[in-house]
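What follows is a set of notes on a single structure, which appears directly below.
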Amino acid sequence: MDKNFISRLKNSWINNAEQEFKWLASNVLKIPEYKLYLNYKFSEYELNLLDQIISRREAGEPLQYIIGSSVFYGREFLTGSGSLIPRQDTETLIEAAKYIFKPEQEFKFLDFGTGTGCIAITLLLEFQNAKCFMAEISEEAKFYAEKNLLKFNLKSRSEFLIPDECDLIISNPPYIPTDEIKLLNKSVKDYEPLRALDGGHDGMKFYKYLFELGNKILNRDGFLILEIGNNYQAEILKSYDENFKFVKYFYDGSNFPRCIILKHEA
């Protein structure tokens, strides 16, 4: 392996610099990772290409954008600039849905702010009789969602529209308060789409809309599953609307209530 490239990553305060170099080299140059352990000799073309991608990483560009994919719930999703990068914390939304529905159950759901489609597609793969509706205003993100639907052969079970009725609304909405955006890591605030992050002055803007939408299109005894950004939001959402009954929090690896289930009883 080229020690100079690894040193550049380390000097950019990148954790696991050696492993990141392996991912970058194997994914961008299409080299089997095992060859890198055998002191693979890079061609001049490959060295120039590596120099370019290491420079992008040094500048703070997310690894997932450079290699063009990200893992979510054990599956690889195509990812790129303009789409929010799938994160492990968001997998709690999948666990919440599995808490409510049985594997063979038929139901219709809306994935609001679908991004790469990782939530919607994962649910379609976990629930073979589910039908999905997807809502996304970003054409860049929708591009990757469409590609991922094709990759997993799920176009026939999905539509890009807000339905008249459904059994579940699930969402990882923008929830970061506007004033806190500037405090985020450079790779997030400078590269990931602001519209997928900014939840207004208190981070509640899209939650309010989702409750309104839920009251319009959720069937009685339908569910609202939402990712949560902070403890303030967790407490507010628990009793935000009298038409929704709190069911359960799901916790992430840091023991934070990362998502909430609410039942529509109107």
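In whole angstrom, the chain maps to an equivalent ellipsoid with semi-axes of 37, 21, 15, each derived as √(5λ) from the alpha carbon gyration tensor and ordered largest first.
THR114 exposes around 10 Å² of accessible area when a 1.4 Å probe is run over every protein chain in place. Within straight-line reach of LYS147, meaning a Cα separation under 13 Å, sit the following aspartates and glutamates at least 8 residues removed in sequence or on another chain: GLU76, GLU139. Here the Debye sum runs over all C-alpha atoms of the stretch 145-214 as equal scatterers in vacuum, and log10 of I(q)/I(0) at q = 0.19 Å⁻¹ comes out as -0.91. Once the Cβ-Cβ distance of TYR251 and GLU44 is raised to the sixth power relative to R0 = 41 Å, the FRET efficiency obtained is 0.20. Among PHE127, PHE152, PHE223, the largest mean-square fluctuation in a Gaussian network model of the chain, built with springs joining Cα atoms closer than 10 Å, belongs to PHE152.
Only aspartates and glutamates eight or more places from LYS186 in sequence, or on another chain, were considered; those with a Cα closer than 19 Å are GLU20, GLU58, GLU61, ASP198. Looking at the stretch 121-266, the accessible area is 50 square angstrom per residue; that uses a 1.4 Å probe and ignores ligands, DNA and RNA.
Shown for the stretch 186-266 is the translational diffusion coefficient from the Stokes-Einstein equation, using the Kirkwood radius over Cα pairs, a temperature of 20 °C and a viscosity of 1.002 mPa s: 157 µm²/s.
Which of the pairs LYS208/LYS245; LYS3/LYS35; LYS98/LYS263; LYS131/LYS245 have their Cα atoms more than 19 Å apart in this structure?
Too far apart for the 19 Å limit: LYS131/LYS245.
Applying 1/(1 + (r/R0)^6) with r as the Cβ-Cβ distance of LYS155 and ASN4 and R0 = 41 angstrom yields a FRET efficiency of 0.35. Applying 1/(1 + (r/R0)^6) with R0 = 51 Å to the Cβ-Cβ distance of ASN185 and LYS216 gives a FRET efficiency near 0.90. Our estimate of slack between ARG75 and GLN52, defined as 0.36 nm per intervening residue step minus the Cα-Cα distance, is 5.5 nm. Please report Rg over Rh for the stretch 1-143, where both radii come from the alpha carbon positions and Rh follows the Kirkwood definition. That ratio is 1.08, to two decimals.
Centre-to-centre, using Cα atoms only, the stretch 1-64 and the stretch 216-266 are separated by 42 Å. Roughly how tilted is helix 17-28, in degrees to the nearest 10 and between 0 and 90, from the longest Cα axis of the chain? Relative to the chain, helix 17-28 is tipped by roughly 90 degrees.
Could you calculate, for the stretch 137-257, the ratio of the Cα radius of gyration to the Kirkwood radius, expressed as Rg to Rh?
0.98
Spread over its residues, the convex hull of the C-alpha atoms of the stretch 118-161 is 60 Å³ per residue.
The values are calculated or read from the model by the stated rules, or taken from the named source; none is laboratory data. As the structure is a prediction and not an experimental result, all values here were calculated from the model. With ideal geometry, Cβ positions are generated from the backbone for all residues, glycine too; neighbour counts draw on all protein chains shown. With ligands, DNA and RNA removed, areas are computed over all heavy atoms of the protein, side chains included. Shrake-Rupley method; radii C 1.70, N 1.55, O 1.52, S 1.80 Å.
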